[in-house]
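Single-structure report; data block below.
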Amino acid sequence: MEVLQSVRLLCVSLMMMMMMSELKMSAAAQNFCSNSTVLRTRTMCHSCTISQLILCPSGFKPTPRSNAQDCKYYINTPSMKLPLSGCSFECYKEVEIKSCCPGYWGPDCIECPDQAARPCSGRGICSAGLGGNGTCSCQEGFAGTACEDCAPGRYSPTCSSVCSCVHGLCASGIVGDGRCTCFSGYTGPNCDQELPECAALSCQQNSRCIEEALTGQLVCQCLPGYQRAGAKCLSINPCLQRVCHAQASCVHTGPNQHLCTCNEGYSGDGRVCMAIDPCQTDRGGCAAESARCVYDGPGRSHCECLSGFDTLSGGGCSLKNSCTPDSCHRNANCSTVGPGQVECACLQGYIGNGKVCIGNIMERLNDLNTEPGGQWTGQLSNAITLCDLCRSLSWPLQNLGPFTVFIPINKGFKGTPVRTLIADRSKATYLCKMHLVAGMMQFDTLKKTDVFYTLTGKSAETDTSEGDAQTKIRIHGGRKKGVIIQSNVVASNGIIHIINRLMESVPSIVESNTEVARLKDFSLGKTPLASLLDQPGPITVLAPTTAAFDAMTEEHLKYLMSPDGHSKLLEFLRNHIIPATALEIYNAVSTPRYVTMANQVLTITGQILVNGAAVLEAAVEAKNGRLYVMDGVLTPPSIEPVLPSRCDITETKIIMGECVACSKLLCTLQLNGHGTHFSKTRQFTSCWNRKTLKPRRCNFVEAVRITSCISVQIPACCKGFYGPDCRPCPGGYQTPCSGHGQCSEGVSRNGTCSCEPNFSGSRCQYCSSSNKYGPNCDRTCPCIHGQCDNRPDSDGRCKVDSCQQGYTGPLCDRQTAACGAQAQFCHAHADCDFSQGTVKCICKTGFQGDGITCVASDPCAPPHRGGCSLNAKCIKTGPGTHVCQCLTGWREDGDECQPINNCNSPDRGGCHPNATCVYVGPGQSDCTCKAGYQGSGQDCEPVNQCVTADGGCHYFVSSKNQANPLKASFLLKSLWVIPTAT
């Protein structure tokens, strides 16, 4: 009977527990509010030719007509990372997104203090929502966990009144009236009046002297916090009444004083205690991606592994491996990214969705040629053999790109054996290049393109006059046309069009020696560049045609060829040479940035355009490198403006000549350097003859002094320019030093900016404080957990990709956390931002996307290149992290790179003390010995004029300064008719 009774009690207990659990789950369900929404994401970037192979994320559907060529994807080859233009399309999914109802907070959506219907007692704002922490931000004057009381020193129902007791206790709080209970010896409404008569009363312990309000008599009364019990004053114990929360304990700490402390498992100020749900804070220590937190009661919880995870002996959870041999393509890696979810990623050098992976051009050709029962089985062997045997062609078709390849079938060779073609390897390679085009030209693009360019630089045309089925191509200069018999065969590094005929080999229009000679002719005698072109190499020369030089502005050309333009000419010519490499056209197409000998970056784009100039002949072989013939010149930014902005000053001076013997007049004039500057207004005056020391009138025999009036041009730069070449000041000549400093301008100055207070940088383009921004650099950046964009023209946001881990947003102020079960639609490599009340997916560090789709990111990928300067290279240092390193000849200046002026260094570019340092370009300078000195510039020695050819004298005079009187007379007469110098 007792056993039966025990079983009944156990059953009743279990039923009660189940009912409580159901009630709790029902109550919890009521705390969540659902909103119907449509989630949208774009697929990862991929080759536009395989869009039909790309799938939307699980549960998503493709949005009709959303495919767009709007992104770049990257192919990793054994040698480099190739950036390719690609496509993406939109996917959508209708979902019910759960969020906390108003008045609830945290992952489990529990009530805000004091209750959800009236959060924070109606006197504050609760940090609610899935990302909230349940704390109250009270209105002014209120305090407490639920804003249930007045702040210290305030009273009244609105807590707007301030206590005014000076020497007493105030009846404060929501129910207080602000009355003062004065300390012993004080009286008055504010307890600010002293009573000296109280000392005579000798009040007992815990009592004090006060003045009765009705009678005005002094009496002894119990101190505040005490109450009279007979003749004694005993301490009042507030804990005898219910002053604390039901889940709090009360401790008597002094007269009428107490401390309320919430019980274990509860939190609050003691007057309001809320049950602690460990699952609300850091999910109770459970790993959000593999376990869920289960609430067991106030302050208690445990972790349970999610479906698809195994429980480990140590209590952790391990993801079950869902990959099987047929999960992915043979050329793909399989990884389990979620319970029952696998992700297939094509191997390096392949493209596709992981279920289907496509290899490089050579691999695709071999597959087509050997596919059992395939359309082109055995019909592409000649083309494959030609590619294999052509010097250095097979490797680029496997590792570089992107290329468009026109592949002739075997019948297209028509009596031209492959062995005959490759007898001359150089011509065979040139023929192969005529079947290659830079970039990916799909058939639809090809049909709309009248003219395109092969890798030789030769142009070709498309003929669609007979319809799509008979679309033909022809190389300009050739007679044969090839019909495209199959188009758009996709490869990882390009696209293949199969044609029915081998194109004719149109000979090159240029020989390397001819164009290099033209470049030498332009520089010979002016710079040491001519000898540089003859060095062993390797070098790559970008040689403009004669027409390109002729198309230059005439004034620019004349200035560069003049002695004054020597340094700019040197920089100009250096910008046409890429050192230390014999640049093959395949590499030029695949790697778009190269640094010239002038330390400037050249960008190769489109169908072989170098900084916008078209390549007419590409990679012409030379004994020490490669030659590219171009239809334009490459003027480096460092010499612009080409013509110096001079504002020379003209001054008129009167020069008094030396008193010399008339017979030595000519040599003296020439030695003084004024022979060509005398004006017509001359006069002969008497002077002291050095031999006789007697004043005489000059009679062309004894002595003479000539007074000359000449015009002198004093070199000067216009405002906003500096240096011998009058270069623009940093920040531009219109706003030198960005308008925030003074430029050291003038012919003899170096253009250094002296920034105003609060500004810094080589052109005063930054705020000197890393935490300031704004036009006056006096505003504090609102960027919280990131790096402030401290430029005067910024809005104070954080720099791109500078947020610390776990934070996001323009101000890096929104914290992210593991998504957990609330946002299962987010990607496996995403965290969640709950700060806006709803869930937002944020890709983790090292990944990029919209959070629903996340792919591994390369911070150095173009075009952003990690935000690095044009003259810097981006170096990846880890997942999502990088550094910017300035190129040779450039120095770091905040986020930018500024050219190094060797002439400003302590050694003045290595120049001799008697030499002038001339800035040529970034990290480059030239040394020129000063007047009266000769040498290389690194070494200068005085010139001995008497050992030169003419001794510095006029050609009528001997180097011994002995003049012929007849010749002297002739020259002296001629001085009268020399035009005035202007």
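The values are calculated or read from the model by the stated rules, or taken from the named source; none is laboratory data. Since the model is a prediction, treat every value here as computed from it, not as a measurement. Cβ placement follows ideal geometry from the backbone for every residue including glycine, while neighbour counts extend to all protein chains displayed.
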*Kindly indicate whether any position in the stretch 341-354 is modelled with pLDDT under 90, over 42 Å from the mean Cα position of the chain (by Cα) and at positive phi.*
no
*Candidates 324, 336 - the one that is out of contact with any Phe, Trp or Tyr (no Cβ under 8 Å at 6 or more places or on another chain), farther than 30 Å from residue 149 by Cα and in a loop (DSSP other than H, G, I, E, B)*: 324
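I need the full set of residues from the stretch 782-836 which are of a type in the set (S, T, N, Q), closer than 20 Å to residue 308 by Cβ and in contact (Cβ under 8 Å) with a residue 60 or more places away in the chain, in order please. Spell out the reasoning first.
As a first pass, look at the stretch 782-836 and keep what is of a type in the set (S, T, N, Q): 787, 790, 794, 802, 804-805, 808, 815-816, 822, 824, 835-836.
Still in the running and closer than 20 Å to residue 308 by Cβ: 822, 824.
Matches in the stretch 782-836: 822 only.
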*Which ones in the stretch 186-212 are over 20 Å from residue 171 (Cα atoms), out of contact with any Gly (no Cβ under 7 Å at 6 or more places or on another chain) and either in a helix (DSSP H, G or I) or among the charged types (D, E, K, R) (or both)?*
196, 197, 199, 200, 201
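Of 56, 112, which residue is in contact with a Ser or Thr (Cβ under 9 Å, 6 or more places away or on another chain), farther than 27 Å from residue 488 by Cβ and without any contact (Cβ under 8 Å) to a residue 40 or more places away in the chain?
Sole residue among the options that is in contact with a Ser or Thr (Cβ under 9 Å, 6 or more places away or on another chain), farther than 27 Å from residue 488 by Cβ and without any contact (Cβ under 8 Å) to a residue 40 or more places away in the chain: 112.
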_First in the stretch 420-432 and basic (Lys, Arg), second anywhere and surrounded by fewer than 20 Cβ atoms within 10 Å (Cβ to Cβ), Cβ under 6 Å, 6 or more apart_ = 425/391
*Look at the stretch 312-345 and say how many of its residues are over 17 Å from residue 828 (Cβ atoms) and loosely packed, with under 14 Cβ neighbours inside 10 Å.*
8
*Does residue 826 qualify as being more than 21 Å from residue 60 (Cα to Cα) and of a type outside the set (S, T, N, Q)?*
no
*Which residues, counting only those in the stretch 121-141, are closer than 22 Å to residue 262 by Cα and touching a Ser or Thr at 6+ places or on another chain (Cβ under 8 Å)?*
124, 126, 127, 133, 134, 135, 136, 137
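Does residue 835 meet the test of being in a loop (DSSP other than H, G, I, E, B) and over 23 Å from the mean Cα position of the chain (by Cα)? Walk me through how you get there before you give the answer.
Numbers: in a loop (DSSP other than H, G, I, E, B): yes; over 23 Å from the mean Cα position of the chain (by Cα): yes.
Yes: the conditions hold for residue 835.
If you check 631, 648, which single one turns out to be modelled with pLDDT of 85 or more, over 30 Å from residue 589 (Cβ atoms) and either charged (D, E, K, R) or crowded, with 16+ Cβ neighbours inside 10 Å (or both)? So that I can check it myself, show each step before the final result.
Working: 631 fails: over 30 Å from residue 589 (Cβ atoms).
That would be 648, the only listed residue that is modelled with pLDDT of 85 or more, over 30 Å from residue 589 (Cβ atoms) and either charged (D, E, K, R) or crowded, with 16+ Cβ neighbours inside 10 Å (or both).
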*asked:* Based on this model, can you work out whether residue 236 counts as surrounded by 16 or more Cβ atoms within 10 Å (Cβ to Cβ), closer than 26 Å to residue 271 by Cβ and free of Cβ contacts under 8 Å to residues at least 24 places away in the same chain?
replied: yes
*Subset tally (residues that are closer than 21 Å to residue 807 by Cβ and either of a type in the set (Val, Ile, Thr) or not in a strand (DSSP E or B) (or both)) for the stretch 736-792*: 12
_Looking at the structure I just gave you, is residue 285 at positive phi, modelled with pLDDT of 80 or more and surrounded by fewer than 19 Cβ atoms within 10 Å (Cβ to Cβ)?_
yes
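Of the residues 120, 165, which single one is free of Cβ contacts under 8 Å to residues at least 60 places away in the same chain and part of a loop (DSSP other than H, G, I, E, B)?
Details: 120 fails: part of a loop (DSSP other than H, G, I, E, B).
After ruling out the rest, the residue left standing is 165.
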*Check off (1) free of Cβ contacts under 8 Å to residues at least 40 places away in the same chain; (2) in contact with a Phe, Trp or Tyr (Cβ under 8 Å, 6 or more places away or on another chain) for residue 155 and give me the number that stays unchecked.*
(2)
*asked:* Name the single residue that is surrounded by the most Cβ atoms within 10 Å (Cβ to Cβ) among those in the stretch 720-760 being over 18 Å from residue 642 (Cα atoms) and hydrophobic (A, V, I, L, M, F, W, C).
replied: 737
*Does the stretch 859-880 contain any residue that is β-branched (Val, Ile, Thr) and surrounded by fewer than 18 Cβ atoms within 10 Å (Cβ to Cβ)?*
yes
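Picking from 241, 221, which residue would you name as being surrounded by 16 or more Cβ atoms within 10 Å (Cβ to Cβ) and more than 60 Å from the chain's Cα centre (by Cα)? Give the derivation first.
Values: 241 fails: surrounded by 16 or more Cβ atoms within 10 Å (Cβ to Cβ).
221 is the lone residue from the list that is surrounded by 16 or more Cβ atoms within 10 Å (Cβ to Cβ) and more than 60 Å from the chain's Cα centre (by Cα).
May I ask you to say which residue of 272, 251, 294 is surrounded by 19 or more Cβ atoms within 10 Å (Cβ to Cβ) and of a type outside the set (Ser, Thr, Tyr)? Before the answer, list the steps.
Details: 251 fails: surrounded by 19 or more Cβ atoms within 10 Å (Cβ to Cβ); 294 fails: surrounded by 19 or more Cβ atoms within 10 Å (Cβ to Cβ).
Being surrounded by 19 or more Cβ atoms within 10 Å (Cβ to Cβ) and of a type outside the set (Ser, Thr, Tyr) holds for just one of 272, 251, 294, which is 272.
When only residues in the stretch 425-456 that are of a type in the set (S, T, N, Q) and over 20 Å from residue 397 (Cα atoms) count, which is nearest to the chain's Cα centre (by Cα)? Spell out the reasoning first.
Looking only at the stretch 425-456, we keep the residues that are of a type in the set (S, T, N, Q), and these are 426, 429, 442, 445, 449, 454, 456.
Add one more test, that the residue is over 20 Å from residue 397 (Cα atoms), and what stays is 445, 449.
Details: 445: 33, 449: 35 Å.
Across the stretch 425-456, the extreme among qualifying residues is 445.
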